[in-house]
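S.K.: I have a structure here, written as structure tokens, and I will follow up with some questions on it.
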Amino acid sequence: MSPTGSNEDPPVSQRVVERVAAAEDVDPVELDARLQDAIDTEALDALIARGSSAPTVKFVFCDYRIVVDGGEPVTVAVDSEE
């Protein structure tokens, strides 16, 4: 098992994009912004891959507050800023 869950789990950056796309009711490729423009996705994935010692990361993407909890299991919360 990988530090972020099962070997089938996508990187946390991909999960963020998928959650925001679901909130917007669009396909991930149809989002108006790129996650890479909001946060360093490689650094985010590497930080969260540390497992239970990974911190909680908060940032804004597509007008949503994103909270990535690096604990086990990794959770991604998406809340509208409205």
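Just so you know, all these numbers are worked out from the coordinates, no wet-lab data involved. Treat the numbers as computed from the prediction; the structure is a model and nothing was measured. Here the Cβ is made from the backbone with ideal geometry for all residues, glycine too, and neighbour counts use every protein chain on show.
S.K.: Run the simple label-point estimate for residue 26 and residue 67 please: 7 Å along Cα→C-beta, distance reported in nm.
M.R.: With each label point 7 Å from Cα toward Cβ, the separation is 2.6 nm.
S.K.: Also, quick follow-up: With the crude spin-label approximation of a point 7 Å out along Cα→Cβ, what separation in nm comes out for residue 80 versus residue 36?
M.R.: Taking the simple label geometry, residue 80 and residue 36 are separated by 3.0 nm.
S.K.: Over the chain, with a single point scatterer placed on each C-alpha, what log10 of the ratio I(q)/I(0) does the Debye formula yield at q = 0.20, 0.21, 0.23 1/Å?
M.R.: Computed log10 I(q)/I(0) values: -0.86, -0.94, -1.10.
S.K.: Let me ask something else. Would you kindly derive the ³J(HN,Hα) couplings of the stretch 24-34 from the backbone phi angles with the Karplus curve 6.51 cos²θ - 1.76 cosθ + 1.60 (θ = phi - 60°), listing them in order in whole Hz, with x for Gly and Pro?
M.R.: Karplus values, whole Hz, x for Gly and Pro: 8, 6, 9, 6, x, 6, 8, 4, 6, 10, 9.
S.K.: Would you mind calculating the gained length between residue 43 and residue 58 on full extension (0.36 nm times residue separation, minus the Cα-Cα distance), in nm to one decimal?
M.R.: Working: separation 15, 0.36 × 15 = 5.40 nm, distance 1.34 nm.
Gain in length upon complete extension: 4.1 nm.
S.K.: If amide hydrogens are placed 1.01 Å from N in the peptide plane, which non-local residues have theirs closer than 5 Å to the one on residue 61?
M.R.: Result for residue 61 returns 66.
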